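Shown next, in structure tokens, is the structure this report addresses.
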Amino acid sequence: MLSDVLADSMILYIKTRKFHWNVSGENFMELHKLFESQYTQLEQAIDEIAERISKLGSITIGTTSEFASKSSIKETPGKNPNAMGMIKELLADHEKVVVALRKNIDDCDDKFKDKGTADFLTGLMEKHETIAWTLRRYIG
């Protein structure tokens, strides 16, 4: 489960960096800084997820092919949406992650009796909810 969470976070991180590099338009600097803040948060979360996997005694995946195969977040190679398209795509991705994390939290409590991981995932979910809320404010 945590490998899937890690994979989603890595693909979302890469996508957010791509959008940071390629955003343009009248809100360029604002969105450039927003995306930088978001990928920085994701980068920190990625390290924490990998460490959680290790703490639980498992091996952490670490290749782009592993991340791509395990992630529910889809990449769009060769496509670069406009600024609003970037916001909408990232919002949808964060919302997808929130839904998955909610299920994982329930599984940690019910199936695995792992309150530590449930708590960890709850904190992670709250970060994604905040990012989604911020992105949603741009849409109106």
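Being in a loop (DSSP other than H, G, I, E, B), surrounded by fewer than 12 Cβ atoms within 10 Å (Cβ to Cβ), at negative phi and among the polar types (S, T, N, Q) is a property that holds for Ser58.
Tell me yes or no: at least one residue of the stretch 63-75 is part of a helix (DSSP H, G or I), closer than 17 Å to Glu30 by Cα and more than 12 Å from the chain's Cα centre (by Cα). Steps first, answer last, please.
Just the residues of the stretch 63-75 that are part of a helix (DSSP H, G or I), to begin with: 64-70.
Restricting the remaining residues to those that are closer than 17 Å to Glu30 by Cα gives none.
No, that holds for no residue.
Tallying residues that are surrounded by 14 or more Cβ atoms within 10 Å (Cβ to Cβ) and either out of contact with any Lys or Arg (no Cβ under 9 Å at 6 or more places or on another chain) or outside any helix (DSSP H, G or I) (or both) within the stretch 23-36 yields 5.
Here the condition is being of a type in the set (Asp, Glu) and under 15 Å from Ser3 (Cα atoms); of Asp93, Asp107, Asp119, Asp114, it holds for Asp107 alone. Taken together, the residues in the stretch 76-100 that are free of Cβ contacts under 8 Å to residues at least 12 places away in the same chain and under 13 Å from the mean Cα position of the chain (by Cα) amount to 2. Of the residues making up the stretch 48-76, those that are of a type in the set (S, T, N, Q) and more than 20 Å from Lys18 (Cβ to Cβ) number 3.
Checking each residue in the stretch 87-114 for being part of a helix (DSSP H, G or I), modelled with pLDDT of 95 or more, over 30 Å from Phe28 (Cβ atoms) and touching a helix residue (DSSP H, G or I) at 6+ places or on another chain (Cβ under 6 Å) picks out Leu101, Asn104, Ile105, Cys108.
Selection within the stretch 85-118: residues that are acidic (Asp, Glu) and exposed (fewer than 13 other Cβ atoms within 10 Å of the Cβ). The member of this set that is farthest from Ser71 (Cα to Cα) is Asp110.
The values are calculated or read from the model by the stated rules, or taken from the named source; none is laboratory data. Being a predicted model, the structure only gives us computed values, none of them experimental. Positions of Cβ are generated from backbone atoms using ideal geometry, with glycine treated the same way; all protein chains shown enter the neighbour counts.
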